[in-house]
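Read through the structure below, which is laid out as structure tokens, and then see the notes.
The values are calculated or read from the model by the stated rules, or taken from the named source; none is laboratory data. Given the structure is predicted, the values throughout are model-derived calculations rather than measurements. Every residue, glycine among them, receives a Cβ derived from its backbone with ideal geometry; neighbour counts consider all protein chains shown.
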Amino acid sequence: MEDIKAYMETGILELYVLGDVNPQEKLQVEEMAAKHPLIKAELEEIELSMELFAQENAIEPAEALRDRVLNSVLTNFGDDRTFIKATDNTEDKIVSLPAAKSSNFYKYAFAACLALLLASGAALISLYGKLQDSYTQIAALQTNNQHFANQVNFKEGELQVLRDTSFKFVKLQGTAHAPDAGLTVAWSPARKKVWIDLRSLKMPVNDSTHQYQLWALVSGKPVDLGVFDKSSDSTDMKEMKSIASADAFAVTLEPKGGSVSPTMDQMMVIGKF
């Protein structure tokens with residue numbers, strides 16, 4: 001196992017994938033891969049890594065540069081296949097030249113650097129993904145905190161309505177159009193604030209094309225105080241538009257977004273102080 005590991009760490013597998021080995025080295029790698037599943041798996045992983053790296057960093061070369069690279073590859077390809085023919089003299093020995101040793105060293109060094117580059121790229125991609133996840137979680141926490149702060153402020157507003165003695169409460173009664181309808185309105189002339197208690201709302205759930213609209217009657221003229229919806233879980237109070245004086249309040253059913261003037265035959269409730 002140690003010999004296999006040491007063989008894998010020489011960089012010969014990376015050179016094999018790059019096609020930068022001589023026929024003898026190529027045959028040796030293929031024999032090792034056939035004998036050892038670990039080496040075969042390592043070869044497949046190197047091929048996949050290099051393919052992914054090439055896809056991520058692919059750049060279309062200039063026409064002139066591409067021609068130069070192709071010519072250089074063809075020249076080197078021809079050089080690599082110029083071998084010394086073996087003779088029948090068994091006493092002859094092949095002597096490795098220092099230049100060849102140096103060339104092999106640079107080949108292995110290049111393969112090791114390439115493997116390190118691939119590993120570093122994978123680590124950076126993983127780190128980037130983790131950072132993106134962290135940013136998403138931080139954004140979600142900020143949104144939740146803002147929502148919580150808004151809820152706290154809203155509840156404080158509800159408590160202020162209940163504690164502030166300047167607020168007057170009037171229960172709006174159903175009309176002939178909706179005799180069972182009802183709604184409680186809290187109004188502070190001093191603060192010019194109007195709230196409605198959705199917990200006391202007794203009206204049908206409005207559809208998606210209509211909304212209920214609150215009106216204040218001032219000297220016989222209707223003044224828009226905003227729209228609201230009735231849902232099956234309407235349990236909060238809702239702050240409406242401000243007004244300093246009013247003789248009465250009423251609610252009508254209007255098209256979504258509200259109307260300029262109330263639809264009288266759709267009046268649900270009305271109440272006077």
Margin query: Quick test for you: out of 193, 221, pick the one residue that is among the charged types (D, E, K, R) and in contact with a strand residue (DSSP E or B) (Cβ under 8 Å, 6 or more places away or on another chain).
Written below: 193
Next item on the list: Looking only at the stretch 231-242, decide whether some residue is farther than 15 Å from residue 183 by Cα and among the aliphatic types (A, V, I, L, M).
Entry: no
Margin query: Of all residues being over 26 Å from residue 245 (Cβ atoms) and not basic (Lys, Arg) in the stretch 168-202, which is surrounded by the most Cβ atoms within 10 Å (Cβ to Cβ)? Just the residue, please.
Written below: 178
Item checked: Count of residues meeting criterion [touching a Phe, Trp or Tyr at 6+ places or on another chain (Cβ under 7 Å) and either within 16 Å of residue 203 (Cα to Cα) or surrounded by fewer than 17 Cβ atoms within 10 Å (Cβ to Cβ) (or both)] in the stretch 253-267 -> 1
Check: Within the stretch 222-243, is there a residue that is β-branched (Val, Ile, Thr) and in contact with a helix residue (DSSP H, G or I) (Cβ under 6 Å, 6 or more places away or on another chain)?
Finding: no
Item checked: Of all residues making up the stretch 218-259, the number that are touching a residue at least 60 places away in the same chain (Cβ under 8 Å) and either of a type in the set (D, E, K, R) or touching an Asp or Glu at 6+ places or on another chain (Cβ under 6 Å) (or both) -> 3
Next item on the list: Would you check if there is a residue in the stretch 23-38 being in the same structural domain as residue 113 (by TED's automatic domain parsing), basic (Lys, Arg), at pLDDT 85 or above and not in a loop (DSSP other than H, G, I, E, B)?
Entry: yes
